[in-house]
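The values are calculated or read from the model by the stated rules, or taken from the named source; none is laboratory data. The model shown is predicted, which means the values in this text are computed figures rather than measured ones. All Cβ positions, glycine included, derive from the backbone under ideal geometry; neighbour counts span all protein chains shown.
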Amino acid sequence: MRILTGFFVALCALAWIYPASARVEAYPADFHIAKIKTDGAVIYVRVGGKGPAVVMLHGFGDTGDMWAPLAKLMVKDHTVIVPDLRGMGLSSYPDAGYDKKSQAKDIAAVMDTLKIDKADLVTHDIGNMVGYALAAQYPARITKWAIIDAPLPGIGPWDEILKSPLLWHFNFRGPDVDRLVKGRERIYLDRFWNELSANPKAIDEATRRHYAKLYARPGAMHAAFKQFEAFAQDAKDNKIFEQTKLPMPILALGAEKSFGDQQAVIMRIVGSNVEGGIITNSGHWIMEEQPDQTVKAVKTFLDKK
């Protein structure tokens, strides 16, 4: 377990410029960027609003940009914190630290730097895995958790999930993967958007260009492969974490055409206060396929007293 040392924050006006035609929404103008140094990484964070905090964690194929529609509503009465995970988006691409226990410490350092003691949590895909490591290591700091459509390594039916042909990318690694994908990042990502969605047309051309450009940055795909390579260690860590059930209220949302009810089944293994839900007519890419439905479900849960 790494100990986080020394960090800095550089606040400036939101600098990422979105194409006018992009489906990806821009964050409101009053959001700012924090670049927070953790143990071995610099985490790019969007920060806006005042009030109770909510942290939103993305997964592979997206960045923190995916949460803009939810952030736009939550910022009216919350402090909204949206990082790019280590090795993704506009965060740095270090050589190590891709086990989710270490990445959770990145998020804890972000919260510490921003003087956030407690926060609600919203996660998707690999963000779920980082979120679990965060909630398991710091249960008193997570007040509620909405987790969306992805398994947890080592938990419940993990061994069966690994056998799914759709998830071959979990084991796509080796000395040649960088060369195979370099210059073909868009082709590689199209496979995810096309095969793991209920309707590939929901991920429009502008959205695909936006994320493909980010994942084509030098070192980005190499770091992404390390996210999956770390699953074996994550499974070992999670087997220890699951010995103590999480106490916070959890909303486990599965996409109807993806993990469905299985999301709640998995979360009831690790949590003591879990309610399930389904995002209908959606594959895995819930914020691209069914943004309004997803935002409503998450906001209703977080607003519940």
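Computed quantities for the displayed model
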item: Among (1) of a type in the set (A, V, I, L, M, F, W, C); (2) over 19 Å from the mean Cα position of the chain (by Cα); (3) outside any helix (DSSP H, G or I) - the single one L251 does not satisfy; result: (2)
item: Those residues of segment 32-48 which are surrounded by 20 or more Cβ atoms within 10 Å (Cβ to Cβ) and either part of a loop (DSSP other than H, G, I, E, B) or at pLDDT below 95 (or both), in sequence order; result: T38, A41
item: Pick from segment 230-255, criterion small (G, A, S) and surrounded by fewer than 21 Cβ atoms within 10 Å (Cβ to Cβ), ranking: nearest to W145 (Cα to Cα); result: A235
item: All positions within segment 49-89 that are part of a loop (DSSP other than H, G, I, E, B) and closer than 19 Å to D112 by Cα; result: G49, K50, G51, P52, H78, D84, L85, R86
item: Matching residues, segment 138-185, being surrounded by 14 or more Cβ atoms within 10 Å (Cβ to Cβ), assigned to a helix (DSSP H, G or I), free of Cβ contacts under 8 Å to residues at least 60 places away in the same chain and under 20 Å from the mean Cα position of the chain (by Cα); result: R141, I161, L167, H169, E185
item: Filtered residues of segment 164-187 (kept if aliphatic (A, V, I, L, M), within 24 Å of M129 (Cα to Cα) and touching a Phe, Trp or Tyr at 6+ places or on another chain (Cβ under 6 Å)); result: V177
item: In segment 186-222, the residues that are of a type in the set (A, V, I, L, M, F, W, C) and surrounded by fewer than 16 Cβ atoms within 10 Å (Cβ to Cβ); result: I187, A206
item: Selected residue (only one of D125, D99, D120 is touching a Ser or Thr at 6+ places or on another chain (Cβ under 7 Å) and surrounded by 19 or more Cβ atoms within 10 Å (Cβ to Cβ)); result: D120
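This table checks each residue for (1) hydroxyl-bearing (S, T, Y); (2) in contact (Cβ under 8 Å) with a residue 40 or more places away in the chain; (3) farther than 23 Å from A133 by Cα; (4) in a helix (DSSP H, G or I).
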site	(1), (2), (3), (4)
A235	no, yes, no, yes
I240	no, no, no, yes
F259	no, yes, no, no
V265	no, yes, no, yes
G276	no, no, no, no
S282	yes, yes, yes, no
